[in-house]
Amino acid sequence: MDFELSEELTAVRDLAREFAEKEIAPTAARDDREKNFRPDLVRKMGELGFYGSVIPETYGGSGLGFLAMVLITEEIARVHSAMRVAINMQIGPAMTVLQFGTEDQKKKFIPPLMSGEKIGCFAITEADAGSDVAALRTTATKNGDNYLLNGSKIFISNAPVTDSGLVYAYTDRSQKHRGMSAFFADWKQPGLTRKPLETLGAHCSPLGELIFDSFPVPVANRLGNEGDGFKICMWQLNQTRLNCAAGALGVARAAKEAAVDYCNQRVQFGQKIGEFQMNQDMIAQMIVHEEAARLLVYRAAWLGDQKKPNNLETSIAKYTAAESANFAADAAMKILGAYGYSTEFPVERYYRDAKSYQIVEGSSNVQKMIIAQDALGYRKANR
Ligand code: GRA
């Protein structure tokens, strides 16, 4: 076992840290307040290869692996969690096409996501299908060379701005989850209405609805066979969950750093507030949870790099990191008091952004269900 990062991985992490601090940090507060989507930053991250770690060079990636992906993601999320979502929206569809697509699909769909030239997304969730993916209702009906999509997706990251991405729909509802199929869609076609939605946090990551009215997707854009959609979706979620876990880790670290800095500056009752044991208790707990989450995130990524199953380990990592981010943001707010609650300082942003990690990509309860049902032998997570 080796806990040392290679020189290559250290360099990748340092590049992401420098980029986040120089290019994202200066405008993070304003972008959050004004809810600015930043296609320029999405493009720059593409130029620096931040989406390509898990994609081979042939399709515009670097092939550096999952550990590189989580290191980059943590650094970006530490500075601005909403920009982490942008990473997942490029990587998620690209990886899924890489895993399930034909050679033509890979060559056509992956490179523009790698460069950031096209803004990606993945459309799973519906009004009545959140944790229960199989309950989705959108249908895809074959019509000549196209499938026509009817239905609607909600809470889709990048919905207002995406150019292309994944969508899951039933080609045969009578087959239950075995009748679901996966498609790579070009959202510029007619038959699509987009509606933006407001959220508590992740303000620079635009969220919304995608409403399909006989929206055409070429038959040539279907991934795998008809009926493969549910398994493709479960596979995809396992990858994109790991990205979320790394993002939560970044938020946990940011909140801890803010709390430690403040404890060393703020004087009350004649001493730095770090001298008070109640604050030390919170700092110690923040560090312990964050470090545990980091090792779990790295383990899940390492398993991915060894091409070993890691669904269980990814759920454990995502749950731990999401809870760690929320613990840290809550504790940081207690330590900073009114300065934490104030919108003049970033801790309230960490607090709002942390909440998303208990909800997205399988809520904390879904992760616990996956973990417990595996242990009980009801449903193995790694299959
Ligand atoms: O026996 P079978 O052939 O019918 O196959 C079953 C099973 O083996 C079938 O699917 C297979 N399967 C899998 N195959 C490969 C299940 N899981 C996997 C897997 N991981 N790999 C049906 O299985 P089941 O166990 O009966 O499924 P279920 O009970 O209907 O659902 C399971 C579960 C609850 C885990 C699933 O629905 C789930 O993961 N729900 C959470 C949904 C979720 O994570 N949504 C995220 C939305 S996207 C998002 O949040 C964007 C955020 C963006 C960002 O911030 O980055």
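The values are calculated or read from the model by the stated rules, or taken from the named source; none is laboratory data. Treat the numbers as computed from the prediction; the structure is a model and nothing was measured. Backbone-built Cβ (ideal geometry, glycine too); neighbour counts: all protein chains shown.
Regarding the stretch 305-312, can at least one residue be identified that is over 17 Å from Ile370 (Cα atoms) and part of a helix (DSSP H, G or I)?
Step one: of the stretch 305-312, the residues over 17 Å from Ile370 (Cα atoms) are 305-308.
Filter once more, keeping what is part of a helix (DSSP H, G or I): 305.
Yes, the conditions are met somewhere in the stretch 305-312.
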Note to self: If I ask for residues that are more than 24 Å from Leu98 (Cβ to Cβ), in contact with a Leu (Cβ under 8 Å, 6 or more places away or on another chain) and of a type in the set (A, V, I, L, M), which ones from the stretch 1-52 would you list?
What the structure shows: Leu5, Ile24
Check: In the stretch 352-383, what count of residues is obtained for those that are over 17 Å from the mean Cα position of the chain (by Cα), more than 12 Å from the ligand (Cβ to nearest atom) and not hydrophobic (A, V, I, L, M, F, W, C)?
Finding: 1
Notebook entry, point to check: Restricting the first residue to the stretch 223-245 and requiring it to be farther than 21 Å from Ser174 by Cβ, which pairs with a second residue that is of a type in the set (Asp, Glu) meet a Cβ separation below 6 Å and a spacing of at least six or different chains?
Noted result: Thr240/Glu361; Arg241/Glu361; Cys244/Glu361
Item checked: Number of the exception - Gly52 against (1) without any contact (Cβ under 8 Å) to a residue 60 or more places away in the chain; (2) in contact with a Ser or Thr (Cβ under 6 Å, 6 or more places away or on another chain) -> (1)
Margin query: Between a residue in the stretch 349-368 that is within 14 Å of Thr240 (Cβ to Cβ) and touching a residue at least 12 places away in the same chain (Cβ under 8 Å) and any residue that is surrounded by fewer than 24 Cβ atoms within 10 Å (Cβ to Cβ) and among the small types (Gly, Ala, Ser), which pairs come within a Cβ distance under 6 Å, given they are 6 or more apart or on different chains?
Written below: Ser356/Gly201; Val366/Ser131
Item checked: Hits in the stretch 208-231 (condition: within 9 Å of the ligand (Cβ to nearest atom) and either surrounded by fewer than 20 Cβ atoms within 10 Å (Cβ to Cβ) or over 19 Å from Glu126 (Cα atoms) (or both)) -> Lys231
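Within the stretch 216-251, can you find the residues that are in a strand (DSSP E or B) and closer than 24 Å to Val42 by Cβ?
First, pick out the residues of the stretch 216-251 that are in a strand (DSSP E or B): 216-218, 222-223.
Val217, Leu223 - these are the residues of the stretch 216-251 that are in a strand (DSSP E or B) and closer than 24 Å to Val42 by Cβ.
What residue, of Lys318, Lys334, is within 15 Å of the ligand (Cβ to nearest atom) and either buried (at least 21 other Cβ atoms within 10 Å of the Cβ) or basic (Lys, Arg) (or both)?
Numbers: Lys334 fails: within 15 Å of the ligand (Cβ to nearest atom).
Result of the check over Lys318, Lys334: Lys318.
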Check: With respect to the numbered conditions (1) more than 30 Å from Leu303 (Cα to Cα); (2) crowded, with 18+ Cβ neighbours inside 10 Å; (3) more than 13 Å from the ligand (Cβ to nearest atom), which one is the sole condition not fulfilled by Gly201?
Finding: (3)
Notebook entry, point to check: If you check every pair at least six apart or on different chains, which have Cβ atoms under 9 Å apart with a residue in the stretch 122-134 that is farther than 23 Å from Ser164 by Cα and more than 6 Å from the ligand (Cβ to nearest atom) first and a residue that is modelled with pLDDT of 95 or more and part of a loop (DSSP other than H, G, I, E, B) second?
Noted result: Asp128/Leu136; Asp128/Arg137
Checklist line | Positions within the stretch 107-119 being more than 13 Å from Phe183 (Cα to Cα) and not acidic (Asp, Glu), in sequence order | finding: Lys107, Lys108, Ile110, Pro111, Pro112, Leu113, Met114, Ser115, Gly116, Lys118, Ile119
